[in-house]
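J.: Quick one: this structure, given as C-alpha cells, is what I'll be asking you about.
The values are calculated or read from the model by the stated rules, or taken from the named source; none is laboratory data. Just so it is clear, the model here is predicted, and its values are computed rather than measured. Note: ideal-geometry Cβ built from the backbone for every residue, glycine included; neighbour counts use all protein chains shown. Note: accessible area is taken over every heavy atom of the protein model, side chains too, but ligands, DNA and RNA are not part of it. Shrake-Rupley method; radii C 1.70, N 1.55, O 1.52, S 1.80 Å.
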Amino acid sequence: MKKSEVFHEITPLSVEDCFIIFDRKKRNFNFPVHVHPEYELNFIENAQGSHRIVGDSIEEIGNLELCLIGNPELEHGWIDYNNKPENEIHEITIQFHPDLFLESLLNKRQFYSVNILFENAKNGVVFSQNAISKIQKRIKRLSTGSSDFKAVIELISILYELSLDKEYRILSTNSYVETEFSTESKRVQKVLNYLKLHYKEDVHLKDVAAHIGMSSASFSRFMKKRSGKNFVEYLNDLRLGYATRELVNTNSPISEICYNCGYNNISNFNRIFKQRKGVTPKEFRETYGKLRKLI
C-alpha cells in the first residue's frame with residue numbers, strides 16, 4: 001500500500017501519561033490499516049478467522065491474538081475474513097510512548113530481552129499461544145484498573161514477561177520495513193548491505209561468506225544463530241520483502257516483479273511466495289487492493 005494511502009491515526013494519548021488503554025467489544029473490524037508513532041500492544045479474543053495485516057505479513061489469526069507494533073511507519077490492522085459475525089470480539093489495545101523506556105535503561109543488562117523485543121517489534125511481533133495464556137488475565141485486569149504508578153509497573157512487567165517468550169515470531173520482513181537494527185553487529189550489517197546490493201543476482205553462500213572473511217561452514221552457522229534462518233531462507237525473505245513492496249506500490253506484472261527480485265522462474269517464485277506468505281502473489285496484491293477501498 002502506498003504510504004500516502006495509509007491512514008495516520010491520531011491517538012488521544014497525552015504527553016503527560018505513560019500509556020492509554022482501549023477496551024472494546026464488537027462484532028467485526030471496521031478500522032482501516034493504519035500507522036501511528038505510539039507503540040501498540042494489541043490483544044484480541046474470539047476473532048478466529050480474521051486477517052492480521054502487518055507490513056507485508058498477512059495471516060489468519062486464531063482465537064487468541066497478541067501483537068506488538070513498535071514502528072511509526074509500519075502499517076498494521078485487523079480485518080474481517082473468515083470470522084463469524086455472530087461472535088463478540090474482545091479487543092484490548094494498549095498504546096504507550098516510544099520513550100517510556102529510556103535508551104539508557106534498555107541498555108542495562110536486566111532489560112536486555114526487552115530491548116531485543118522492541119528491536120524486533122519494528123517489524124511487528126506476534127506472541128505464542130502459551131505466552132498469551134499466561135498473561136491474558138493480567139492484561140484484562142490492567143484494562144479495568146486505574147492508570148496509576150502501579151499500572152505502569154504492571155505494564156512494564158507484562159512486557160518483560162512477553163520478552164521471554166521463546167516462540168514469538170517477527171512478522172514483516174526487513175526489506176519491506178527497511179529498518180536497520182541497532183543490535184546488529186558490524187558483520188551482520190555488512191551481510192545485509194551486500195545482499196541489498198546483489199539480491200537481484202544469482203547470489204551464493206560462498207560469495208557472501210568470502211565477502212565478510214568467513215568460511216562457508218562458519219558463515220552458515222553464523223547466519224542461523226543470528227537470524228534463526230539458514231542462508232537460503234534469509235535470502236528468500238529478503239527478496240520477497242522487495243517483491244511485496246512492488247506488489248503493493250506498483251502495477252507491474254507479477255512476472256516482471258519475479259525477475260526483478262532475483263527469481264528466474266515464475267513457478268518457483270509463486271511456490272516460495274505461497275510457502276512463506278500463505279497466499280499467492282496475485283492474492284496478496286488483491287488483498288491490499290481491497291484495503292485501499294477502506295481508506
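J.: I'm told residue 98 meets every condition in (1) modelled with pLDDT under 90; (2) of a type outside the set (Asp, Glu); (3) in contact with a Leu (Cβ under 7 Å, 6 or more places away or on another chain) except one. Can you identify the failing condition by its number?
T.: Checking residue 98 against (1) modelled with pLDDT under 90; (2) of a type outside the set (Asp, Glu); (3) in contact with a Leu (Cβ under 7 Å, 6 or more places away or on another chain), the one that fails is (3).
J.: Now a separate question. Any idea which of 44, 116 is assigned to a strand (DSSP E or B) and touching a residue at least 12 places away in the same chain (Cβ under 8 Å)?
T.: On inspection, the qualifying residue turns out to be 44.
J.: Mind listing just one residue for me: the one in the range 51-71 that is part of a loop (DSSP other than H, G, I, E, B) and more than 27 Å from residue 239 (Cα to Cα) and, of those, farthest from the chain's Cα centre (by Cα)?
T.: That would be 63.
J.: If residue 124 passes every condition in (1) under 19 Å from residue 64 (Cα atoms); (2) modelled with pLDDT of 95 or more; (3) open to solvent by 10 Å² or more (accessible area, probe 1.4 Å) but one, which one does it miss?
T.: With respect to (1) under 19 Å from residue 64 (Cα atoms); (2) modelled with pLDDT of 95 or more; (3) open to solvent by 10 Å² or more (accessible area, probe 1.4 Å), residue 124 is out only on (3).
J.: Which ones in the range 72-101 are open to solvent by less than 20 Å² (accessible area, probe 1.4 Å) and within 18 Å of the chain's Cα centre (by Cα)?
T.: Once the filter is applied, which keeps residues that are open to solvent by less than 20 Å² (accessible area, probe 1.4 Å) and within 18 Å of the chain's Cα centre (by Cα), the range 72-101 yields 74, 75, 76, 77, 78, 93, 94, 95, 96.
J.: For the range 146-171, what are the residues that are part of a loop (DSSP other than H, G, I, E, B), under 17 Å from residue 120 (Cα atoms) and charged (D, E, K, R)?
T.: Correct list: 165, 166, 167.
J.: Which of the residues spanning the range 199-227 are under 14 Å from residue 238 (Cα atoms), open to solvent by less than 50 Å² (accessible area, probe 1.4 Å) and not hydrophobic (A, V, I, L, M, F, W, C)?
T.: Of everything in the range 199-227, those that are under 14 Å from residue 238 (Cα atoms), open to solvent by less than 50 Å² (accessible area, probe 1.4 Å) and not hydrophobic (A, V, I, L, M, F, W, C) turn out to be 199, 227.
J.: Part of a helix (DSSP H, G or I), open to solvent by less than 50 Å² (accessible area, probe 1.4 Å), of a type outside the set (A, V, I, L, M, F, W, C) and under 30 Å from residue 176 (Cα atoms): is that true of residue 130 in this structure?
T.: No.
J.: How many residues are open to solvent by less than 10 Å² (accessible area, probe 1.4 Å) and polar (S, T, N, Q) when one looks only at the range 38-56?
T.: So the count comes out to 2.
J.: Do any residues in the range 85-101 that are under 14 Å from residue 156 (Cβ atoms) and of a type in the set (A, V, I, L, M, F, W, C) have Cβ atoms under 7 Å from those of residues that are assigned to a loop (DSSP other than H, G, I, E, B) and open to solvent by less than 30 Å² (accessible area, probe 1.4 Å), where the two are at least six apart or on different chains, and which pairs are they?
T.: Taking only residues 6 or more apart or on different chains, the pairs are 96/38.
J.: Inspect all residues belonging to the range 251-264 and state whether any of them is among the acidic types (Asp, Glu), assigned to a helix (DSSP H, G or I) and farther than 19 Å from residue 54 by Cβ.
T.: Yes: the range 251-264 contains one or more residues that are among the acidic types (Asp, Glu), assigned to a helix (DSSP H, G or I) and farther than 19 Å from residue 54 by Cβ.
J.: For the range 2-31, how many residues are out of contact with any helix residue (DSSP H, G or I) (no Cβ under 7 Å at 6 or more places or on another chain) and in a loop (DSSP other than H, G, I, E, B)? Spell out the reasoning first.
T.: Pass one, the range 2-31, residues out of contact with any helix residue (DSSP H, G or I) (no Cβ under 7 Å at 6 or more places or on another chain): 3-4, 6-17, 20, 22, 24-31.
Pick out the ones that are also in a loop (DSSP other than H, G, I, E, B) and you get 6, 9-17, 27-31.
The number of residues fulfilling the criteria is 15.
J.: As an exercise: evaluate residue 211 against (1) over 20 Å from residue 262 (Cβ atoms); (2) touching a residue at least 12 places away in the same chain (Cβ under 8 Å) and give the number of the one condition it does not meet.
T.: Condition not satisfied by residue 211: (1).
J.: Looking at (1) exposed (fewer than 13 other Cβ atoms within 10 Å of the Cβ); (2) without any contact (Cβ under 8 Å) to a residue 60 or more places away in the chain, find the lone condition where residue 191 falls short.
T.: (1)
J.: Is it the case that residue 158 is of a type in the set (A, V, I, L, M) and modelled with pLDDT of 95 or more?
T.: Yes, satisfied.
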